[in-house]
Amino acid sequence: MSHLEQEQLVLLALGEATADDAEAAHVDACAACRAELQALRTVATVGREATDARHLTAPPDRVWDGIAAALASAPAPAVPLRPEPQRRARRPRWLVPALSAAAAAAVAVAGTIIAERVTRDEPTAQPQVLGLASLDRLPAAPECGPTYARTFIDGRLHVHLGCVATPGETFEVWLLDLSTANDPDGLKMFTLGVMGGQTDQIFRLRSDIDLNRFKTVDVSAEPNDGRPAHSGKSLWRGPLPGR
């Protein structure tokens, strides 16, 4: 079957719909739909957890402008001359852009909630973000959502991927010294660890690594063969934020 519609993904993430057998099988097999559904569920979870309105930050005006524009451009529903039987109740297709706009607003609001939690002066708050950088998609990488890395002031690295590894392989995160690319002994690198089937993972930047040299983040696809060396199949790569 083709990719699931945005409307259906939003409803599944909110728990307002249940995937039928064909849809569930497609999500299991399709990395793009699976990643988008995971991202929408994360937004929904953050929204449900944000019960204390005193700590919420209002989204910027561009979010509401985008919602208004999406609603204004949505075509009015056609009125049929006579009712037509339907085997499965579905929301009108003109609601799709409205739901997409609402999802975009939810993402923006969730982002402000997360940023507020990171910077809030509480014992459980995350430390200050030192830097943020996008990781570029390399030719071997699958088509999926945005991928980025950010460093915290306490020496940790957060990596976010737009999709998860397929069965039989693992995504592993490395730090590279690209100045050694032509070294006879090979490119110098350190592994930070594996993503563990998740789209988000936080790694501790080891104190024995010279971050002035090893300042490139590399995400590789590794077969589950037990070999510790880099497979040579890099998927995403970018600068170590804050360096």
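Quick note: the coordinates plus some simple rules give every number you see, no bench work behind them. What you see is a predicted model, and the numbers here were worked out from it, not measured in a lab. Note: ideal-geometry Cβ built from the backbone for every residue, glycine included; neighbour counts use all protein chains shown.
Sequence-ordered 3J(HN,Hα) estimates for the stretch 134-144 from the Karplus curve with 6.51, -1.76 and 1.60 and θ = phi - 60° stand at 6, 9, 6, 6, 8, x, 7, 6, x, 6, 7 Hz, glycine and proline given as x. Less than 5 angstrom separates the built amide H of R213 from none of the residues sequence-distant by 5 or more or on a different chain. Annotation: the residues E36, E7, E143, sorted from fewest to most other C-beta atoms within 10 Å of their own C-beta, follow the order E143, E7, E36. With each label modelled as a point 7 angstrom along the Cα→C-beta vector, the S231-D183 pair spans 2.4 nm.
Compute the FRET efficiency between I202 and D28 as 1/(1 + (r/R0)^6), taking r as their Cβ-Cβ distance and R0 = 25 Å, and round to the nearest 0.05. Before the final figure, lay out each step's value.
On the way: r = 27 Å, r/R0 = 1.07.
Rounded to the nearest 0.05, the efficiency is 0.40.
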